[in-house]
Structures are given as structure tokens and as C-alpha cells.
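Visitor: Please see the structure below; I have some questions.
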Amino acid sequence: MQTMVEALNASAPLEKVALETYVPPAKPSLIGLSRAEIAERLAAIGVAPAQRKMRVQQLWHWIYVRGAKNFDEMTSISKEMRAQLEAHFTVARPEVAAEQISSDGTRKWLLRLPSGDSLEKAHEVECVYIPETDRGTLCVSSQVGCTLNCSFCHTGTQRLVRNLTAGEIVGQIMVARDRLNDWADRETPSGGRLVTNVVMMGMGEPLYNFDAVRDALLIVSDNEGIGISRRRITLSTSGVVPNIVRTGEEIGVMLAISLHAVRDELRNELVPLNRKYPIAELLQACRDYPGSSNARRITFEYVMLKGVNDSMEDAKLLVKMLKGIPAKINLIPFNPWPGTRYECSDWDQIERFSEYIFNAGYSSPVRTPRGRDILAACGQLKSETEKLSVRERQALRAMAMTD
């Protein structure tokens with residue numbers, strides 16, 4: 001006989017249906033277009049075939065190396081050509097509606113994405129920058145809201161509004177570099193970049209927006225543009241099995257799996273998508289992931305929930321089930337959010353769990369919670385600014401504009 005919890009889990013939807021589709025503005029942005037697509041746009045406004053390749057290369061450099069915010073900045077392009085571009089296109093990125101800075105240096109941006117040319121119907125996503133001594137990681141969103149209903153995740157409680165475009169995904173990296181003054185002409189003692197790593201771990205399930213995520217990440221990893229190595233880009237999925245191998249073949253970035261449980265019955269509750277793609281199918285897709293090796297290990301993310309998935313028996317089963325997969329296990333102390341029924345595992349238990357996995361031959365770092373005080377930590381993104389008053393939102397926006 002089914003328990004009430006089992007009945008609720010069985011009836012709960014695995015995936016949400018998008019409420020809206022993207023409405024392009026009258027003057028589209030060139031951000032997020034491939035070189036071939038930019039050439040097509042130039043052809044449509046009458047740029048001669050003999051000039052297109054050169055113009056594409058100029059635009060690519062100004063947009064992705066120099067971070068130009070308008071065509072007037074593109075001084076290597078003639079004034080006449082700049083005026084023609086200005087009449088038809090923009091290089092607009094998402095607008096910073098609010099910025100919060102954590103006591104640990106983590107920054108969270110609430111980004112506004114107009115629907116068509118309407119600010120009244122604008123959508124919002126969150127993007128997080130995490131500075132560390134040896135890197136700067138940008139956590140990027142792929143959807144407005146979230147497709148899934150993972151029970152421990154604050155982001156998963158949101159409705160799914162729509163998928164982001166490739167331009168809106170790339171635009172988050174552009175915004176971060178704008179805010180951090182992180183373009184080619186940035187003057188620093190080291191000359192190094194501030195945004196060195198990108199993780200597709202923000203709002204949304206990337207593999208349910210595959211085409212836009214692929215197109216965006218190919219631009220981000222292009223070595224003549226933004227130039228972030230594919231080995232420094234990680235895509236995290238809750239387990240959309242049919243698109244996992246495609247990710248390796250068509251994008252070639254590092255893979256992370258939001259695992260969180262070693263038994264199907266528990267993962268069905270924590271990650272309901274498991275009812276569609278159970279653990280055995282998910283792990284087989286990981287074994288088949290192109291390019292995985294000891295040098296390119298798959299990361300398995302495992303949030304530590306007190307009394308739920310943190311027993312030593314769970315640790316033993318985790319080691320057993322990952323046998324044969326080049327893997328590391330990223331243990332994530334649960335980040336609480338308003339209304340959750342879960343608690344973070346005791347620190348002593350997290351250390352015992354980690355030690356067992358390490359002794360079995362797997363790297364098992366415990367992720368240091370970052371940005372908890374501004375709800376920017378793993379699983380906490382949910383556009384909290386939606387709950388602020390109009391006056392508070394205006395104040396945050398003014399701060400973001402003046403920083």
C-alpha cells in the first residue's frame with residue numbers, strides 16, 4: 001500500500017511547462033550570434049560580400065575581446081558602417097536591476113531581460129560571481145525560473161517562465177566583466193582575468209535548453225573572443241539522460257551531475273526527474289560521456305541533508321555505484337532557505353562521509369558555502385528581489401547603477 005509521501009511523489013509533475021516564449025526586440029542584439037549568423041545579419045542590411053568576413057571579425061573582437069557597449073566605441077570600423085549597424089542592431093546585454101555583495105566577497109546580480117521592447121513585461125534571472133584566491137567563478141542561469149521540482153532546492157520552487165536565448169546566457173558573462181572591469185584593456189598588476197571559470201549551475205536545467213546553452217558556450221570558449229577554456233566550463237544537469245552524451249559531443253565542456261541520493265526511491269523525492277531517468281540510466285550515460293578520463297573527471301554533486309542521505313551506508317553505496325567512472329564527489333552542505341523542511345548534516349558527519357569517500361580513492365571536497373547572507377549559495381537562487389517593495393527595488397537599482 002502506498003504511503004502518502006509516495007502517492008504525492010508519484011503524482012507530482014516531473015517537469016514544468018514554460019509559460020512564455022522569447023519575444024525579440026525591434027532592434028536585436030548581436031550578442032549570442034555565431035560568426036555565420038552575424039554574416040547573415042550583415043548581408044540582410046546590404047553589406048557587400050567582400051566586406052562581410054572582415055566586418056564579422058571586427059565585430060567579434062570589439063564585442064568579445066574589448067567588451068564594447070555600443071557601436072561608437074568600435075573605432076576601427078568606419079563611421080558610415082557604425083551608423084548602419086546602429087540603425088539595425090545593438091550590443092545590449094541584460095540590465096543590472098540590483099546588485100548584492102556578500103561579506104565573503106560573493107556578488108549576486110539580478111538581471112532584467114525585457115520581453116520584446118517592453119520593460120513592464122521584463123523577466124529576471126540571477127547570476128553569481130564567486131572570487132577565490134586562484135580563480136573567479138561565475139554561476140550562470142539557463143532559464144527564467146526552473147523546469148524541475150527538486151524538493152531541497154529553492155530555485156526549484158519557482159515557476160518556469162521561459163528559456164533564455166544564447167545571447168542572454170552569454171550576456172551574463174558580459175555583465176560580469178562589465179561590473180568587474182574585466183575586459184582586455186583592464187589594468188592590473190597581474191594582468192590576469194577575474195572571471196576565469198563558468199558553471200552552468202544557476203537558475204534552470206541547462207539540458208532542457210540545449211541548443212541555446214550549446215551556442216552560448218561555444219562563444220564563451222572561443223579562443224578569439226571571451227576565451228574561457230572548455231576545461232574551465234562546467235555544465236551541471238539533474239540527469240536529462242538523452243542530452244548528456246550530446247553535451248560531450250557538441251559542447252565538450254566538463255560535466256557535473258546533481259546526484260544527491262544513491263537509491264532510486266529517495267532520489268525520486270529529492271530529484272523527481274529520477275522517475276523518468278533512474279540512477280542506472282544516468283550512470284550509464286556518464287560512463288558513455290565523450291572525453292571523460294582521470295584528467296577530465298565527472299563531478300557528482302551531493303547535497304548533505306541531515307538524516308536523509310548522509311549515513312555511512314549511503315557513503316558506501318555511493319562509492320560502489322561510481323566504480324569505473326572517472327569521478328570526483330563534491331559534497332555540498334545544505335544551504336537553508338525560507339520554508340524548507342531540510343536541515344544541513346552535522347559537520348562531524350560530513351567529515352566522516354568525506355573521509356570514507358577519500359579513502360576509497362575519490363576526491364571528495366566539501367564545498368565551502370559562499371554568499372549565504374545574500375541567498376547566493378548553491379540551491380538558494382530565487383530572485384528574492386521580487387519580494388521587495390517598489391521603493392526598495394528602486395534603491396537597489398540605483399546602487400547598481402552608481403557602483
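Visitor: Just tell me which lysines come within less than 25 Å, Cα to Cα, of K79; anything on the same chain fewer than 8 places away is out.
Guide: Filter leaves K27, K53, K69.
Visitor: I would also like to ask the following. Assuming 0.36 nm per residue, please report the length gained on full extension of the stretch D72 to H88 beyond their Cα-Cα distance.
Guide: 4.4 nm
Visitor: A follow-up question, please. Tell me the relative contact order for region 11-145 as a rounded percent, counting alpha carbon contacts under 8 Å between residues six or more apart.
Guide: 19
Visitor: What FRET efficiency comes out for M312 versus R246 if R0 is 41 angstrom and r is the Cβ-Cβ distance? Round to the nearest 0.05.
Guide: FRET efficiency, M312 to R246: 0.65.
Visitor: Could you tell me the ratio Rg/Rh of the chain? Both radii from Cα atoms, Rh via Kirkwood.
Guide: 0.98
Visitor: Amide H of E15: which non-local residues (sequence gap of 5 or more, or other chain) have their own amide H closer than 5 Å, using H built in the peptide plane?
Guide: Placed amide hydrogens put nothing under 5 Å from E15.
Visitor: What are the radius of gyration and Dmax of region 35-88, computed over its Cα atoms and given in Å?
Guide: For region 35-88, the Cα radius of gyration and maximum Cα-Cα distance read 10.2, 26 Å.
Visitor: Work through the residues other than Q84 whose Cβ is under 15 Å from its Cβ and net out their charges, Lys, Arg +1 and Asp, Glu -1. Before the final figure, lay out each step's value.
Guide: Details: positive: K27, R41, R52, R55, K79, R82; negative: D72, E80, E86.
Local net charge: +3.
Visitor: Given a 10 angstrom Cα cut-off, can you work out which residue in D178, D348, D72 is the most mobile in a GNM of the chain?
Guide: D348
Visitor: Loop by DSSP (not H, G, I, E, B), at most 16 other beta-carbon atoms within 10 Å: where is the longest site-free stretch of the chain for GluC sites (Glu not before Pro)?
Guide: The longest such stretch corresponds to 225-342.
Visitor: Relative to the Cα centre, what is the charge dipole magnitude of the chain, using +1 at the beta carbon of each Lys and Arg, -1 at the beta carbon of each Asp and Glu, and rounding to the nearest 20 debye?
Guide: With only Lys, Arg, Asp and Glu charged at Cβ, the dipole is about 600 debye.
Visitor: What is the set of long-range amide H partners of F334 at a cut-off below 5 Å, with H atoms built 1.01 Å from backbone N?
Guide: Result for F334 returns M304, S345.
Visitor: For the chain, what's the relative contact order in percent, using C-alpha pairs closer than 8 Å and at least 6 residues apart?
Guide: Averaging sequence separation for qualifying contacts and normalising by length gives 16 percent for the chain.
Visitor: Sticking with this structure for a sec: Using just the helices of the chain, give the 222 nm mean residue ellipticity in deg cm²/dmol: DSSP H runs with n ≥ 4 each add -39,500 (n - 2.57), and the total is spread over all residues, rounded to 500.
Guide: Computed mean residue ellipticity for the chain: -9500 deg cm²/dmol.
Visitor: Right, here's the next one. From the phi angles alone, apply the Karplus equation (6.51, -1.76, 1.60; θ = phi - 60°) to region 151-157 and give each ³J(HN,Hα) in whole Hz, x where the residue is Gly or Pro.
Guide: My calculation for region 151-157 gives 6, 9, 10, 4, 4, x, 7 Hz in order.
Visitor: Sticking with this one: Among L322, M74, V198, whose Cα projects farthest towards the positive end of the dipole of the chain, with charges put on the beta-carbon of Lys, Arg (+1) and Asp, Glu (-1)?
Guide: Selected residue: M74.
All of the numbers you see were taken from the coordinates with simple rules; none came from a lab. Quick caveat: nothing in here was measured; it's all calculated off a predicted structure. Positions of Cβ are backbone-derived with ideal geometry, glycine not excepted, and every protein chain shown enters the neighbour counts.
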